[in-house]
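Data block below; observations after.
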Amino acid sequence: MSVNLTSKQHGFAMMEALITAMIVAIGVSGVGVLLLRSIQATQDSSQQSQAMWIVQDFVGKLRANSPAAKSGDYIGSTDVTDCATLPTMCASYNINGTTTNIESSENCSSTNMAAYDMWTTVCSLDSNSFDTPSDFIANPSLNNTCLERDTRNDCIRYSITFNWDIKISRGSPDASQRTNTNSYNMIVEVN
């Protein structure tokens with residue numbers, strides 16, 4: 001008596017194919033999530049590098065204008081809400097191909113230069129182009145505090161903090177709780 005094995009194995013190859021397809025689908029989705037996380041990490045690292053460069057540039061401006069730094073003109077905060085009001089400028093600049101002299105350099109004070117330095121660290125001169133490094137960072141803000149004063153009441157040490165928004169987390173239905181903030185801080189001594 002011979003038994004027909006093929007009739008008992010009907011559908012077994014189909015089950016193997018479905019299980020293989022399911023394992024491959026899980027693997028491919030895992031690779032997709034890994035790729036997404038890698039792209040996010042690369043973007044976060046890029047923004048961190050950009051923020052470090054922005055703060056280094058700002059420190060150079062602060063040290064170049066040491067009279068204003070010592071008198072405390074760099075103390076304060078600047079964020080994107082301040083970008084609507086252009087501060088007094090101490091040189092000509094080019095917007096849309098026209099040169100406009102806002103303030104002659106003879107009339108520019110160190111206080112004006114400090115306000116302009118803080119503004120240009122966060123804001124852009126021309127909203128139609130990318131002309132400042134912070135244009136590539138989401139919601140930048142700058143906060144400067146005086147940490148130490150000398151016997152003449154001059155500010156000789158600053159804490160400079162640059163903040164920006166990073167990736168959106170999906171854990172909360174409230175939009176204000178889905179944005180994370182990153183920051184870069186530097187302590188600077190003024191000569």
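The values are calculated or read from the model by the stated rules, or taken from the named source; none is laboratory data. Because the structure is predicted, anything quoted here is derived from the model rather than measured. FYI the Cβ positions are ideal-geometry reconstructions off the backbone, even for glycines, and counts take in every protein chain you see.
What helices (runs of 4 or more DSSP H) completely inside the stretch 1-100 contain at least 3 residues that are under 23 Å from F162 (Cα atoms), modelled with pLDDT of 85 or more and of a type in the set (S, T, N, Q)?
12-64
Which of the residues belonging to the stretch 60-76 are within 21 Å of L125 (Cα to Cα) and surrounded by fewer than 15 Cβ atoms within 10 Å (Cβ to Cβ)?
Of everything in the stretch 60-76, those that are within 21 Å of L125 (Cα to Cα) and surrounded by fewer than 15 Cβ atoms within 10 Å (Cβ to Cβ) turn out to be G60, G76.
Looking only at the stretch 147-181, which residues are touching a Ser or Thr at 6+ places or on another chain (Cβ under 7 Å), at pLDDT below 90 and either assigned to a loop (DSSP other than H, G, I, E, B) or not hydrophobic (A, V, I, L, M, F, W, C) (or both)?
Within the stretch 147-181, D165, R178, N180 meet the criteria.
Residues of the stretch 57-74 being touching a strand residue (DSSP E or B) at 6+ places or on another chain (Cβ under 7 Å) and among the basic types (K, R), which ones?
Across the stretch 57-74, the qualifying residue is only K70.
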